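**Student:** The structure under discussion is supplied below as structure tokens; questions concerning it will follow.
The values are calculated or read from the model by the stated rules, or taken from the named source; none is laboratory data. Keep in mind it's a predicted model, so treat the numbers as computed, not measured. Note that we place each Cβ from the backbone using ideal geometry, even for glycine, and neighbour counts take in every protein chain shown. Surface accessibility is based on the protein's heavy atoms, side chains included, excluding ligands, DNA and RNA. Shrake-Rupley method; radii C 1.70, N 1.55, O 1.52, S 1.80 Å.
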Amino acid sequence: MSVNWALPFDEKILPEDKRNLLSIEEYHKVHRASITSYQQFWAGLARELEWFKPWNSILDESSPPFYKWFPGGQLNASHMCLDRHVRTGRRNKVAIIWEGEPIDQDGPKQVRKLTYGDVFHEVNRIAHVLREKYGVRKGDTIGLYLPMIPEFPMIMLAAARLGACFTVIFSGFSSDSLAERLIDTDAKLLVTADGGYRRGSVIKLKEIADKAVENAPCVKKVIVVKHVGNEVEMDSSRDAFLHDIIRDVPQSTFVEPEKVGSEEPLYILHTSGTTGRPKGQVHDVGGYLTLLHATMRWVFDARDSDVYWCTADIGWVTGHSYIVFGPLMEGLTALMYEGALDYPEPDRWASIIERHRVNILYTSPTAIRAFMRHGEQWVKKHDTSTIRLMHSVGEPINPEAYRWMMRLVGRDKVPFGSTWWMTETGGILVSHTPGLYMVAMKPGTNGPPILGIDADVVNDRGESQKPLERGFLVIKNPWPGMPLTIHKDPERYKEVYWTRFPGNFYAGDYAVKDDDGYFWMLGRADEIIKVAGHRLGTYELESALIQHPAVAEAATVGVPDEIKGEVPVAFVILRSGYTSNPALDRELHEWVRERVGHVASLKQIYFVSKLPKTRSAKIMRRVVHAVVIGKPIGDVTTLEDEASVEEVRRAYLDLKKEIGV
Ligand code: WTA
């Protein structure tokens, strides 16, 4: 990620509604008090959830960094999202408005509106068959590989109801990536769909799932949601359609929500790191729901009358926290859209806002930049004036994109921020909090840390940086929502996050604080690539490449992209006997897409005969990256062969000249 130092540190925008506006000095005072007694502070929030049994202590700190929040306490995420609401007047309130992708001149072909009562009954019926027919219990893990349909959150809630753990694999991942994640979590059951729509074509999920299950023998049964209606092969000893297995389960079925320990796992979600296989982040129940409860209220200012739309996919953590558990726990009406935001025309997203009268929008810088490229006439075709609050997430937002969206949709007055967090953090940690108090907005900032979070920017030695000095982002106190561990690899959890700055959580992001104490996240300090806000590890791409018989070695790095923020390119050394040619180039592109998934489309492949390496033969991606983005390559004392740098540079520049990229 290139660092843009021309950030508008001093440009301030005040929201129109100034009721809860604080000066930055007042904010720092409140914030300091919250982090001084952060345990008590978070316990106050946790008390607002509904517990079956109160906790024994707020935080178990006996074995850092394996902190446990609210140990001894018992609750259930499905109960929190459903039972609480159906007991009250929210039974007939719409919980999920779903819009499918296919559309014609009369409007979307499929819109479903499910009330809290509907979702409650359906989740109970699904939980019933999962338990009675499939023997799903606490301690089991089930895999989910689904398109954005209402069954997706309902199956997550059904698993949670039984106290079982679930693991979601984004539907853009390939069968290899799916198999790897199913094996890592020992998933015994996989829930998928016949297919899903994406940009007008059908993604044949069942076919991909079949291939994955062949290589993941832990999976004994497969449940298929019929959505598209395409022909699928069913193995009668293993597969069943969801509608068939729940057909005879009465509407009134009630499955008692399992009493789950606060510190027990709710889900495992894999995320990319720099080296090694994807890391299965294990999230707990009590701490996680506490953070979501707080941030739904503070960051999104959730109110009962709101229609709330998060444009992410549930396959990523944003969808877990802010499409499913956050909004449903708060009893909101959450909108779910199946397809591409600019399909079939660039105004699809704006038409959705108008059609469903959306009040709160949570989207990504990549989406905003794409809207911007299409031009403002598309937005102006629709009435988006129902929007009263917006946030973005996933990557830094460039000030131009911020200002464009703020002007056209935010009418230069609604609260609009860039919420910083990670799969690891479970929920938002650095953000404006218009539901609680507001400080002035600045285009591109993340704002100050939320209450109860002690974040800082530090230098190599872990010392606080002065304002406007770039450093590394750390979180200095345990927070509810933090991971329990990395699945099956606690040592790695310790090493990746807690070793570089002992006692602090190392996020892996570069950041600066400005004179007001606002944080500006500047991109990853490691080799993680953020493509359209989606996190890709160099490992996944490179290990796919080197599986190809022609490839001896490969290094992948991210290069800046106007729309997607970053896209991956690869430098490849071929095995002897192979020479580079357009057919091989095409084949390798396809090969990576097939093995990792369509999220992993390489922008370019450069063929080289050597790569910069350390004397211990580790590829120095940092050097490759510097060459590609035209930055000084920095300290190369550990570089084994300097000529390799020239070789990379030449390959890059030659191709640039040839094809003008
Ligand atoms: C980046 C996504 C700047 C950051 C929720 C982080 C951001 C990584 C922002 C985590 C933001 C996320 N501004 N950068 N508002 N939000 N990031 O795990 O580099 O997919 O470390 O979680 O996204 O990505 P992940």
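**Student:** Note the per residue figure in Å³ for the convex hull of the C-alpha positions in the chain.
**Tutor:** Cα-based convex hull of the chain, divided per residue, equals 159 Å³.
**Student:** Working from the alpha-carbon coordinates of the stretch 154-286, get Rg over Rh, Rh being the Kirkwood radius.
**Tutor:** 0.98
**Student:** Moving on. Quick one, could you list the DSSP H helices from the chain stretching 20 Å or more along their long axis (Cα atoms) with average Kyte-Doolittle hydropathy of -1.0 or above?
**Tutor:** Those that pass (Cα extent of 20 Å or more, hydropathy at least -1.0) are 116-132, 643-659.
**Student:** Taking every DSSP beta bridge that has both residues in the stretch 371-499, what percent is antiparallel when rounded to the nearest 5?
**Tutor:** Roughly 65 percent of the beta bridges in the stretch 371-499 run antiparallel, per DSSP.
**Student:** Which residue, Val379, Ala187, Leu146, has the largest displacement toward the positive end of the dipole of the chain when charges sit on each Cβ (Lys, Arg +1; Asp, Glu -1)?
**Tutor:** Value: Val379.
**Student:** OK, next. What is the ratio of the Cα radius of gyration of the stretch 53-107 to 2.2 N^0.38 Å, with N the residue count, to two decimals?
**Tutor:** Against the compact-globule rule of thumb, the ratio is 1.99.
**Student:** I'd like the carbon and sulfur percentage of the solvent accessible area for the stretch 363-431, probe radius 1.4 Å, heavy atoms only, ligands and nucleic acids excluded.
**Tutor:** Within the stretch 363-431, the accessible surface is 54 percent carbon and sulfur.
**Student:** Please state, rounded to one decimal and in Å, the Kirkwood hydrodynamic radius that the stretch 340-383 gives when every pair of distinct Cα atoms enters the mean of 1/r.
**Tutor:** About 10.6 Å, per the Kirkwood formula over Cα pairs.
**Student:** Can you bin every Cα-Cα distance in the stretch 532-659 into 10 Å intervals starting at zero and give me the percent of pairs per bin, rounded to whole numbers?
**Tutor:** That works out to 12, 46, 35, 6, in percent per bin.
**Student:** Can you tell which of Ser321, Ala350, Tyr337 lies farthest toward the positive end of the dipole of the stretch 303-363, using +1 and -1 charges on the Cβ of basic and acidic side chains (Lys, Arg; Asp, Glu)?
**Tutor:** Final value for the positive-end residue is Ser321.
**Student:** Going by amide H atoms built from the backbone, whose H comes under 5 Å of the H on Ala507, apart from near neighbours?
**Tutor:** Distant-sequence amide H within range of Ala507: Leu473, Ile475.
**Student:** Straight distance only, please: which lysines reach the Cα of Lys220 with their own Cα at less than 16 Å, same-chain residues fewer than 8 apart left out?
**Tutor:** Reachable lysines: Lys133, Lys188, Lys206, Lys211.
**Student:** At 1.4 Å probe radius, can you tell me the per residue accessible area of the stretch 496-575 in Å²?
**Tutor:** Value for the stretch 496-575: 29 Å² per residue.
**Student:** Additional query: Among DSSP beta bridges lying fully in the chain, give the percent that are antiparallel, nearest 5.
**Tutor:** Of those bridges, close to 60 percent are antiparallel.
**Student:** Please get the size of the charge dipole for the stretch 532-659, origin at its Cα centre, with Cβ charges of +1 on Lys and Arg and -1 on Asp and Glu, quoted in debye to the nearest 20.
**Tutor:** Taking the Cα centre of the stretch 532-659 as origin, the dipole is about 160 debye.
**Student:** Let me ask you something else. In angstroms, what radius of gyration and Dmax does the stretch 1-94 have, counting Cα atoms only?
**Tutor:** 20.2, 53
**Student:** Also, I was wondering about something else. When the convex hull of the C-alpha atoms of the stretch 458-563 is computed, what volume per residue in Å³ does it have?
**Tutor:** Measuring per residue, one finds 161 Å³ for the Cα hull of the stretch 458-563.
**Student:** A further question follows. What residue among Thr295, Thr579, Asn446 has its Cα farthest toward the positive end of the dipole of the chain, where the charges are +1 on Lys, Arg and -1 on Asp, Glu, each on the Cβ?
**Tutor:** Highest projection toward the positive end goes to Thr295.
**Student:** Quick one: work out Rg over Rh on the C-alpha atoms of the stretch 14-169, Rh as Kirkwood radius.
**Tutor:** Checking Rg against Rh, the ratio lands at 1.07.
**Student:** Using only C-alpha atoms and all pairs of different ones, pull out the Kirkwood radius for the stretch 307-382 in Å with one decimal.
**Tutor:** Roughly 12.9 Å, rounded to one decimal.
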